[in-house]
Structures are given as C-alpha cells and as structure tokens.
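These notes are about the structure you will find just below.
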Amino acid sequence: MFYPHFIFIGDYIDKGENSKDTLVFLCWLEKQYKCTFLTGNHEYLWLKMEEDDLETQNYLLKYGGKRTMISMKANCIWVAKQELIENFGDFFLNLKDFWMNEKFIAVHSGIDPDFFNTGIENIPLSKLLFNRYDFLKIRKLYQNKFKVI
C-alpha cells in the first residue's frame, strides 16, 4: 500500500487570508499523513523578530504580516507573534531547513550558488530562504540532485 509523504516548502503564514486556519489544517494533516514542513522566509523572520526589531516588523507588515495579525486576532505584530508561538510553537520548532532523498532536494527558495560545493547541513538557513532567482537560473544540479522549490 502506498503511504504519501507530503513535503511543504514554507510560507504557511502571511500568504493568504487566514494563516491561523492554515496552521490548524497543517497540524491536523500531519496527524493523518507523513509530512515534512520546511522553514520559509516568513516563518524565519517571524521567529527571529524581536519586540524592538522595527526593520523586520515593517518588512513582515509590508509582505502579508497584517493578514497574519488579523487571522490571529492581534492588534499588533508582536502580539501576533506571541499568539503564533503559544498556539503553534511545536509546529514552528519542528520546521526543517531542507528535505533530501537519493534523487531530490527540497528547500524553500533555493541554494545560494556560492554554496554548491558545501554539504546542505553546513549551509546557513538564511542562504536557503532568500535567493530563488539566482537558483532558478542555474542549470547544474546541486550534488547530483534535482531541485524542488
């Protein structure tokens, strides 16, 4: 019998009208099927954001954070982060930087070409989250694996 393994590549929040319901659904789905959830740049930024980090807060608000705030019924981005951690902390703690098997590698946005000779476990997470355009232009395989982004 075939048992599916779903690989999700991040940005579970900020991208739609209801981040909270998306997270509830993904947590439910993980109980039904084998799932691997990768860190996206939005999760990364939310998790690293500090209360006085206005630069990250403004970036998130510009790119979907307001929808996440509304979804979490929060009146400010910092309260929304606290709600995300309180309600979905285990989900965020279990996010992976990458997924790989014999043929494929999956990351959120791509592998920085400067790291093509580096083992995936030694590449800083930030280098897997913010470089999709450079990565998509590259024709060669990363360590003989097909890229999935």
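The values are calculated or read from the model by the stated rules, or taken from the named source; none is laboratory data. Fair warning: this is a prediction, and the values are worked out from it, not measured in the lab. Heads up, the Cβs are rebuilt from the backbone with ideal geometry, glycines too, and the neighbour counts pull from every protein chain shown. Quick note on the areas: whole protein, heavy atoms, side chains included, nothing else; ligands and nucleic acids left out. Shrake-Rupley method; radii C 1.70, N 1.55, O 1.52, S 1.80 Å.
Side notes on the structure shown:
- Kyte-Doolittle mean at least -1.0, axial Cα span of 18 Å or more - DSSP H helices of the chain: 19-32, 77-93
- Share antiparallel - DSSP beta bridges, the chain, percent rounded to 5: 25
- Remark: the chain carries 62 Å² of accessible area per residue (probe radius 1.4 Å; ligands, DNA and RNA excluded).
- Here's the picture: a label point sits 7 Å out from the Cα of HIS5 along the beta-carbon direction, and within the stretch 91-107 the residues with their amide nitrogen under 19 Å of it are 94-107.
- What the Cβ-Cβ distance of TYR33 and ILE70 gives, at R0 = 35 Å and to the nearest 0.05, is a FRET efficiency of 0.75.
- Take every Cα pair under 8 Å whose residues are at least 6 apart in sequence, average their separation, divide by the length of the chain, and the relative contact order is 24 percent.
- For a straight C-alpha distance cut-off of 19 angstrom, the aspartates and glutamates reachable from LYS48 (same-chain residues fewer than eight places away being disregarded) are ASP11, ASP14, GLU83, GLU86, ASP90, ASP97.
- Note on surface exposure: VAL107, VAL79, VAL24 rank VAL24, VAL79, VAL107 by accessible area, highest first, 1.4 Å probe.
- Computed over the stretch 59-133: relative contact order in percent, which uses C-alpha pairs under 8 Å that are six or more apart: 19
- Cross-link pairs beyond the 31 Å C-alpha cut-off, checked among LYS66/LYS103; LYS20/LYS140; LYS20/LYS127; LYS73/LYS137; LYS96/LYS137: LYS66/LYS103; LYS20/LYS140; LYS73/LYS137
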